[in-house]
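Comments concern the structure below.
The values are calculated or read from the model by the stated rules, or taken from the named source; none is laboratory data. Since we're looking at a predicted model, the values are computed, not measured. Cβ atoms come from the backbone with ideal geometry, glycine included; neighbour counts cover every protein chain shown.
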Amino acid sequence: MKRINYLASFLFAALILSSCGGLDKMKEEASNLQYSVTPKVLEMHGGTVKYEIKGDIPAEWFNKKAIVEFTPAYKYEGGDEVLESKTYQGESVEANNMVIGFETGGSMEFAGEFEYQEAMRTGELEMRAVATIKDDQLAMLSVKLADGVISTPLLVMVDPMPVAAKDNFQRVISEEKEADIHYLIQRSEVRKSELSAEDIKALEDFVKMANEAENEEFKGVEISAYASPDGPEKLNERLSDQRKKSADKYLAKVIGKAKVSKEDAETLYNLKSTAEDWDGFKTLVEGSSIEDKDLILRVLSMYSDPVVREKEIKNIAATYEVLADDILPQLRRSEIKVKVDKIGYADSTIMDFAVNNPDTLNIEELLYAGKMAEDLNTKAAIYKAATEKYEGCFRAFNNLGYTNILLGNLTDAKASLEKANELKEGDAIVTNNLGVIALLEGDKETAKTHFLNATDAGNAVDYNLGIINIMEGEYEAAVNYFQSHKSFNTALAMLLAGKNDSANKTIDVVEKEHPMNYYLKAVINARIGDEAAVMNNLKTAVEKDADLKGMAKTDLEFRNYFENETFKTIVE
């Protein structure tokens, strides 16, 4: 009995040693496993980091009785992002994992993504493995696969463009007034009864106000006199000419023609007469309810000779009586049109009133003054005055919100823009500006919705959508949105879309005062492989902003220069 127990103990111990030996051997030879990572340096796009890992397991490594769990992980300061694992088994294991043959070896593949955090900029992607044989478990390896994450898309400048509503200010406003003087048949004198007509009185008031106003001047006087197309043509020529003169004589008294020089009068006055107003006759007939209207119009179309026309129309006896009573008297007239230019305040006067006495100005003048103001606080004060005087003007509230965005006063800007939206819901400009607020507050999804609903607001919306597309990793779309803009973000989108040369040319025409323009130029040239340009631009960038040293020191865009002495000198 004891011999049997000794034999059982011996076999159990041998089994334990065998299993432990199998795990130890696998661990010793774990360095023979080969890995490749795509991309070779991890990259952040649209807030996530995607990876693909392929592993090659050599022959005679995978113990037939072993189960191995491989786990990719991204390790960084303050965190450990454990990624999706895969489990494989040896030939003798009864389980449902993928089998790796002992004699043949095998391969494994991993693909996934993880959310990027700023602390992940420096870190390591590694592969971990734990092997198990029955009840024994041993950590096989922890192999570094890649260094850090390139996060160049985060260089995007979140500087969305607000839009100001346009004013309708016109310094010179042209106005005109029209009136008719009607005459008795074969007469040309102006009757007193005609001068009491409503349109004549309105014309006289218009002229009087223009004469008295210091900022108004006459720009044109037109008198067109007509005779009706009945009677001899010679008579009608004389009549229309006399009617022109009588209307001119009347208007001269109203305007004060004696005060106008002869030269100015020749420029100002345009007098003409029409002997027989067949066009006016046709228009009146067309708009009438005369029984034989179609017949009269047919005569007009068939005959061009005025004598024949008159004869044929008179042959329509009953109808001609109606024409004589209702149509022809309307054609015996002089039409008077007076044009006046009202000249507005000079820019300096408008600005003075806008700052010191805004109640003096109308809404268009206030909006115009706000546009002219260069100082943002002055601009905001003018637009605020406009909102107080014209509470129903959405443009005033929009422009106050627009200015407060530029000032960085987002709370005030949002309140003004929400009021503007109440006054004109869905206006494209207001919607764009609400999107600007949302983006600056970090609400990308709301901002995107607003921008997509504001495409009629102009190419500022395209710029704003370009920013959104960079943030979402849609770089080709961003390049298309930036077509009308030469900016830092335009060059960045081109770089991220793989258009290195275009990015380089674009950043060259961007105003270089901002240090990030030089930094981006250095990144572009790092991708192109121009070492001298990298060093020159990076040196300028850190001279303008010393904080960029720390960024550059760990930026994997410059990984090929980390051991370069010039690079070290620049970033230290």
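As a summary of the residue check, A386 satisfies the conditions (1) of a type in the set (A, V, I, L, M); (2) out of contact with any Phe, Trp or Tyr (no Cβ under 9 Å at 6 or more places or on another chain); (3) without any contact (Cβ under 8 Å) to a residue 40 or more places away in the chain; (4) farther than 24 Å from A225 by Cα except for the one numbered (2).
Matching residues to (1) among the polar types (S, T, N, Q); (2) in contact (Cβ under 8 Å) with a residue 24 or more places away in the chain; (3) assigned by TED's automatic domain parsing to the domain that holds K40; (4) assigned to a helix (DSSP H, G or I):
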| site | (1), (2), (3), (4) |
| --- | --- |
| N517 | yes, yes, no, yes |
| M535 | no, yes, no, yes |
| T540 | yes, yes, no, yes |
| A546 | no, no, no, no |
| F567 | no, yes, no, yes |
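Among helices (runs of 4 or more DSSP H) entirely within the stretch 440-507, having at least 2 residues that are in contact (Cβ under 8 Å) with a residue 24 or more places away in the chain singles out 444-452, 459-471, 488-496. Residues that are touching a residue at least 60 places away in the same chain (Cβ under 8 Å), touching a His at 6+ places or on another chain (Cβ under 8 Å) and closer than 30 Å to I507 by Cβ: does the stretch 113-127 have at least one? No, the conditions are met nowhere in the stretch 113-127. Beta carbons closer than 7 Å, at least 6 apart along the sequence or on distinct chains, pair a first residue in the stretch 310-321 that is surrounded by 13 or more Cβ atoms within 10 Å (Cβ to Cβ) with a second that is of a type in the set (K, R) for Y320/K314.
In the stretch 47-87, the qualifying residues are those that are among the hydrophobic types (A, V, I, L, M, F, W, C) and within 17 Å of L145 (Cα to Cα), and the one that is surrounded by the fewest Cβ atoms within 10 Å (Cβ to Cβ) is V82. When both residues are 6+ apart or on different chains and their Cβ atoms are under 9 Å apart, which pairs have a first residue that lies in the stretch 34-52 and is of a type in the set (K, R), and a second that is part of a loop (DSSP other than H, G, I, E, B)? What qualifies is K50/P39.
Taken as a whole, the stretch 184-202 holds at least one residue that is touching a His at 6+ places or on another chain (Cβ under 7 Å) and surrounded by 13 or more Cβ atoms within 10 Å (Cβ to Cβ).
To keep it simple, each residue is scored yes or no on (1) in contact with a Ser or Thr (Cβ under 9 Å, 6 or more places away or on another chain); (2) at pLDDT 50 or above; (3) not in a helix (DSSP H, G or I).
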{"position": "A8", "(1), (2), (3)": "no, no, no"}
{"position": "A14", "(1), (2), (3)": "no, no, no"}
{"position": "L17", "(1), (2), (3)": "no, no, no"}
{"position": "C20", "(1), (2), (3)": "no, no, no"}
{"position": "S31", "(1), (2), (3)": "no, yes, no"}
{"position": "S36", "(1), (2), (3)": "no, yes, yes"}
{"position": "E43", "(1), (2), (3)": "yes, yes, yes"}
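For E217, the conditions (1) surrounded by 17 or more Cβ atoms within 10 Å (Cβ to Cβ); (2) more than 30 Å from L300 (Cα to Cα); (3) at pLDDT below 90 are fulfilled apart from (1). Of all residues in the stretch 223-238, those satisfying the criterion of being surrounded by 15 or more Cβ atoms within 10 Å (Cβ to Cβ) and in a helix (DSSP H, G or I) are N236, E237, R238. Out of curiosity, is F114 within 19 Å of P39 (Cα to Cα), assigned to a strand (DSSP E or B), under 40 Å from the mean Cα position of the chain (by Cα) and not hydroxyl-bearing (S, T, Y)? Taking the combined requirement at face value, the residue satisfies it.
Selection of helices (runs of 4 or more DSSP H) fully inside the stretch 282-378 by the criterion of at least 2 residues being within 30 Å of T403 (Cβ to Cβ) and not polar (S, T, N, Q) returns 347-356, 363-372. Filtered by the rule that a residue be part of a loop (DSSP other than H, G, I, E, B) and over 13 Å from I133 (Cβ atoms), the stretch 56-90 gives P58, A59, E60, W61, E77, G78, L83, E84, S85. Looking across the stretch 400-444 at every residue that is out of contact with any Pro (no Cβ under 6 Å at 6 or more places or on another chain) and among the β-branched types (V, I, T), the one that is surrounded by the fewest Cβ atoms within 10 Å (Cβ to Cβ) is identified as T411.
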